[in-house]
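Since the structure comes first, as structure tokens, the remarks are kept for the end.
The values are calculated or read from the model by the stated rules, or taken from the named source; none is laboratory data. No experiment lies behind these values; they were computed from the predicted model shown. Neighbour counts are summed over all protein chains in view; Cβ atoms, including those assigned to glycine, are modelled from backbone coordinates with ideal geometry. Protein only, heavy atoms only, side chains kept; ligands, DNA and RNA dropped before computing areas. Shrake-Rupley method; radii C 1.70, N 1.55, O 1.52, S 1.80 Å.
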Amino acid sequence: MTDLLAYNIGDRSGPLSRLLTEGALSMAYQPIVSLTGGSIHAHEALVRGPQGMPLQAPDALFSAARREGLVQDFEVACVALALRQWSQMQRAGRLFVNISASALVRCFDGKDAAELRAALLHHGIDPDRLVFEITEHEHVSDIPRLARVAEQVHATGARFALDDFGDGRSSLRLWSELAPDYVKIDKYFTADIARHAQRLKTLQALLHIAETFGSALVAEGIETADDLRVLRDLGLSFGQGYFLGRPARQPADAVDAPALAVVGSSRVAVLPSLRVA
Ligand code: C2E
Ligand code: MG
Ligand code: MG
Ligand code: MG
């Protein structure tokens, strides 16, 4: 059977290769919350190194991966780890995993969709519950090829999301040609939204585009009750951020009560000064 999540660290030596061979990496899970009902829609898996060690945050891990020449293998290893842990935890809801466009292409391109589906099931996950977040660290040059891969992802039953939309690397061409299931709006546009009319207008425009292309919007970086209230009232479907739940080794079962009160409370008017005609 195809192992779509095969990776190879060869005989490389370096701190990250060692962590990989020792099985010392783990995942933290951050909830993605429905802003209409307040329930947990999914969790995003975020890689973590051993606690208390210098190689702990993804930034440090990816710098080491670059130095050791195994970025793509590291990415694939992260997906494999997330799927294994998630299936062992037997959690409900969807799982979002991060992967670059190039690594996704490497895993999926030229393979048979039925085989890919079988391979995902073999990794212990129902593909219908899996979402690949395309995390852009580089410019996507071959969009038609990525679009073919996106079709294959759908053919397995899985979904995909554009990550950090609006932060500089994302493009409207990717959005229109890939028709992603979800678009995650970068925290720049959601942070302190109540005091930034331009960001609010941008989000309103993005909501129109999302409706046109059939994508659900996820607001990232919700840090305060005010952020949450404004984003919910704007009509964003999903949200993620420290106010709703921090990344944790043990995925949350429910949204904290104060956050839930804001998600669940009745519609409140957006500040008049922010209202867009
Ligand atoms: P991302 O995929 O956009 O993940 C969101 C990042 O924002 C996470 O940082 C998360 O901890 C942080 N975050 C969540 N809520 C808030 C908030 O309310 N405020 C602020 N200021 N930050 C918030 P983290 O875990 O350090 O990950 C950073 C980036 O590293 C990720 O950005 C993703 O691009 C990459 N990454 C993380 N884990 C993986 C992985 O397993 N595989 C791959 N390929 N990339 C990963
Ligand atoms: Mg992400
Ligand atoms: Mg993101
Ligand atoms: Mg990010």
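Got a sec? Which residues in region 183-208 would a label at A225 touch, if it sits 7 Å along Cα→Cβ and we count backbone N under 18 Å? 192-195, by backbone N distance to the label point. A simple spin-label model places the labels of D233 and D112 5.5 nm from each other, with each point 7 Å out along Cα-to-Cβ. Computed over the chain, relative contact order equals 20 percent, with contacts defined as Cα pairs under 8 Å that lie 6+ residues apart. Each peptide in 190-199, 205-214 receives the mean, over its residues, of other Cβ atoms within 10 Å, and ordering these scores from highest gives 190-199, 205-214. Could you provide, to the nearest whole Å², the per residue accessible area of the chain with probe 1.4 Å? Result: 46 Å² per residue. Normalised by the number of residues in region 19-132, the mean separation of alpha-carbon contacts (under 8 Å, six or more apart) gives a relative contact order of 23 percent. Comparing A80, A259, A24 in a Gaussian network model of the chain (Cα springs below 10 Å), the most mobile by mean-square fluctuation is A24.
Lys and Arg at +1, Asp and Glu at -1: add these up for the other residues within a Cβ distance under 9 Å of I99 and post the number. It would help to have the intermediate numbers written out before the result.
Values: positive: none; negative: E75, E133.
Overall, the nearby charge balance is -2.
Simple spin-label estimate for D167 and D126 gives 3.1 nm between the two label positions (7 Å along the Cα-to-Cβ direction from each Cα).
Tally up the carbon and sulfur contribution to the accessible surface of the chain as a whole percent, 1.4 Å probe, everything protein left in place. Can you show the working numbers first?
Details: 6480 of 12710 Å².
C and S atoms contribute 51 percent here.
In region 30-119, taking the dipole from charged Cβ atoms about the Cα centre, the farthest positive-side position among A114, L83, A101 is held by L83. Build a GNM of the chain with springs between Cα atoms under 10 Å apart, and of Q72, Q152, Q88 the one that fluctuates most is Q88.
What share of Cα pairs, in percent, lie more than 15 angstrom apart in region 102-189? When every Cα pair of region 102-189 is considered, 57 percent fall beyond 15 Å. A crude spin-label estimate for the pair Y188 and H154, with each label 7 Å from Cα along the Cβ direction, gives 2.9 nm. Summarised in one figure, the compactness ratio Rg/Rh of the chain, Cα atoms and Kirkwood Rh, is 0.97. Both radii come from the Cα set of region 10-49: Rg as radius of gyration, Rh as Kirkwood radius; their ratio Rg/Rh reads 1.30. What does the charge count near R117 come to, summing +1 for each Lys or Arg and -1 for each Asp or Glu among other residues with Cβ under 12 Å from its Cβ? Once positives and negatives cancel, what remains is -3.
Return the calculated 222 nm mean residue ellipticity for the chain, to the nearest 500 deg cm²/dmol, obtained by summing -39500 (n - 2.57) across DSSP H runs with n ≥ 4 and dividing by the residue count. Could you put the intermediate results ahead of the total?
Details: 11 runs with 115 residues, N = 277.
My calculation for the chain gives -12500 deg cm²/dmol from helical runs alone.
Using a cut-off of 9 Å between beta-carbons, work out the net charge of the residues near Y7 (Lys and Arg +1, Asp and Glu -1, Y7 not included). It would help to have the intermediate numbers written out before the result.
Numbers: positive: none; negative: D73, E75.
For residues surrounding Y7, the net value is -2.
Pairs of Cα atoms in region 75-138 fall into 5 Å distance bins, from 0 up to the last occupied one, in shares of 4, 17, 28, 28, 16, 6, 1 percent.
Highest mean packing comes first when the peptides 49-56, 123-130 are listed by Cβ atoms within 10 Å, giving 123-130, 49-56.
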